[in-house]
Amino acid sequence: MPTQSIDPKTGTKLADPIIDSAASEVEEVVTRSAAAFIDWSEVAAKERASVLEQIATALDSNVDELAKLADQETALGVARLVGEVARTTFQLRLFASELKKGELLKEDLDEKIEGAPPQGRPQLRRSWVALGPVAVFGASNFPFAFGELGGDTASALAAGCTVVVKEHPAHPQLAQRVIELSQNAIVAAGFSKDILLSVRGFESGSTLVKHPLISACGFTGSQVAGKALFNLAVARENPIPFYGELGSINPVFVTENAAKNRGSEIASGFVGSFTLGAGQFCTKPSLILVPAASDFEAEALKAIDPLSFSTLLTPEIQAKFLKDVALVNSKTGVKTLLAPKPKADGFGVSIGLMSVSVEDFLANLHEISHECFGPVALVINYQNEAQLTRVAAQLDGALVTTFQAEVTQDQELLKQLVKIAKHRAGRLVLNGWPTGVAVTRAQHHGGPYPASTNVLHTSVGSYSMMRYLRPISYQDFPNELI
Ligand code: NAP
């Protein structure tokens, strides 16, 4: 089936359909990627850094064209998309600077000690080797930062891997333009464009994951797709690492003191965070636990314009959003405070808000606490602190858990909640909002399933590069042979 570029604001077709890659094309692309890997993996870290910097420059130089094209296909807004290009090129340059510093790729050396074990030992040098060609699946909601040239591609190239991208059908023209600009920069830097190739079409995705020459996968997207592709990766004759960064529900815990002192500010901050980017953030706070006796629901409703519509990325996302909200609404005790409505043209929806008690929430925990990808959230009203810790202990893995609390007054409660939540989230936020994800060395963007399929790694920040390198020990090898 060909891929059609569509304007989400109106639903109209933007260009001629783009033909999906045939199985023979996927085969050819992966073979070229594997051949290019042999040279690219041997390129010195500083030279790889320079290629990443040149790709960043190419994207920055074309930011206006890219943001305009992305806005046509995603309706995320030119200003936000210009910012996302900057985040993407910052990311490429961060990996370049890490490669130049070399600290992450540091080797461990155990000197030889003469004699028989246990005191004696050979010389051992623990170093790093790139995994091989990596298949990358970007998400629709961050067409740059988590897209074709997003963190997965940048970190894999930095590690010395070649990349085959599965282009996202929600922004097909942009995907091709970003790949083209990046390949031009790679060739201008003196390397083969085969270090970064791409394929199109649903079937091509699974063919890639199953291909024996693919050595790892980086995936950003939904839990359903991530789990399906993870299953393919581990069911191969030679199973490979599958780094899936998926959506999660990202709970917020509001203490009684915080609700009393800052109720209205917390309510408007929450609305701002769950409606950001039309609620299409993997870090969207989907649930908020508030004291039942507070005015939180009324304050949150005051912060929402019920007549404003935000545009979702695709008709599938719009239909799934309305279906998921209806499912949550159908559960016992769930009240609709504001029902999200579809817009007559395009893929717009209005903002939704629901509420439920702790007892009713826990009675249907798994159906109520799944991701509704779009601008909706659930307020959970608790009666006492014991209910807060009870909920914390039963929630699934999340990318982020947030606390709104008064640090001095709530110290004991916070300690208790952190003790539980640190086993269930990749990042804990205090008195902020989870939606922004800073690109730094200390960032961890991942977490226990279903937040990610590999709890050990991050998909954002410097350490994401380590997903595509494996340790290797050289025993009694002279330097000149390594
Ligand atoms: P998606 O529907 O899962 O699509 C992601 C990619 O997977 C697309 O290329 C899609 O291609 C492919 N795909 C989907 N189902 C598949 C299947 N069964 N087999 C093989 N390939 C399949 O996700 P999306 O709509 O682009 O992105 C939204 C989701 O991403 C949300 O859940 C959001 O929370 C999550 N997200 C997570 C992060 C993070 O860092 N954790 C960041 C951003 C977004 P086709 O359309 O061709 O099937």
Requested in this report: Kindly indicate which of ASN364, ASN381 is touching a strand residue (DSSP E or B) at 6+ places or on another chain (Cβ under 8 Å), open to solvent by 20 Å² or more (accessible area, probe 1.4 Å), over 23 Å from GLU245 (Cβ atoms) and not assigned by TED's automatic domain parsing to the domain that holds GLN223.
Outcome: ASN381
Requested in this report: Name, by its number, the condition in (1) open to solvent by less than 10 Å² (accessible area, probe 1.4 Å); (2) within 21 Å of ALA23 (Cβ to Cβ); (3) within 15 Å of the ligand (Cβ to nearest atom) that does not hold for THR162.
Outcome: (3)
Query raised in the report: Given the structure, is LEU276 assigned to a strand (DSSP E or B), outside the structural domain of ARG80 (by TED's automatic domain parsing) and not acidic (Asp, Glu)?
Result: no
Query - From ALA86, ALA70, residue being open to solvent by 50 Å² or more (accessible area, probe 1.4 Å), within 19 Å of THR153 (Cα to Cα) and out of contact with any Lys or Arg (no Cβ under 7 Å at 6 or more places or on another chain) - result: ALA86
Report summary line: All conditions in (1) farther than 30 Å from ILE6 by Cα; (2) out of contact with any strand residue (DSSP E or B) (no Cβ under 8 Å at 6 or more places or on another chain) are true of PRO143 except (1)
Query - Count of segment 226-247 residues which are near the ligand (Cβ under 7 Å from one of its atoms), small (Gly, Ala, Ser) and buried (at least 17 other Cβ atoms within 10 Å of the Cβ) - result: 2
Requested in this report: May I ask you to verify whether THR453 is touching a strand residue (DSSP E or B) at 6+ places or on another chain (Cβ under 9 Å) and of a type outside the set (D, E, K, R)?
Outcome: yes
**Report entry** Qualifying residues in segment 191-214 (those that are in contact with a Ser or Thr (Cβ under 6 Å, 6 or more places away or on another chain) and within 16 Å of the ligand (Cβ to nearest atom)) - the one farthest from LEU131 (Cα to Cα)
**Finding:** GLY201
Requested in this report: Check segment 98-116 and report whether any residue there is acidic (Asp, Glu), buried (at least 24 other Cβ atoms within 10 Å of the Cβ) and at pLDDT 95 or above.
Outcome: no
Query raised in the report: Which ranges mark the helices (runs of 4 or more DSSP H) fully within segment 1-86 that have 3 or more residues being among the small types (Gly, Ala, Ser)?
Result: 23-40, 45-61
Requested in this report: Would you mind stating whether GLY397 is in contact (Cβ under 8 Å) with a residue 60 or more places away in the chain, more than 22 Å from ILE266 (Cα to Cα), touching a Phe, Trp or Tyr at 6+ places or on another chain (Cβ under 8 Å) and within 16 Å of the ligand (Cβ to nearest atom)?
Outcome: yes
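The values are calculated or read from the model by the stated rules, or taken from the named source; none is laboratory data. Everything quoted here is computed from the prediction, not taken from an experiment. Neighbour counts are summed over all protein chains in view; Cβ atoms, including those assigned to glycine, are modelled from backbone coordinates with ideal geometry. Heads up: the accessible areas ignore ligands, DNA and RNA and are worked out on the full protein's heavy atoms, side chains in. Shrake-Rupley method; radii C 1.70, N 1.55, O 1.52, S 1.80 Å.
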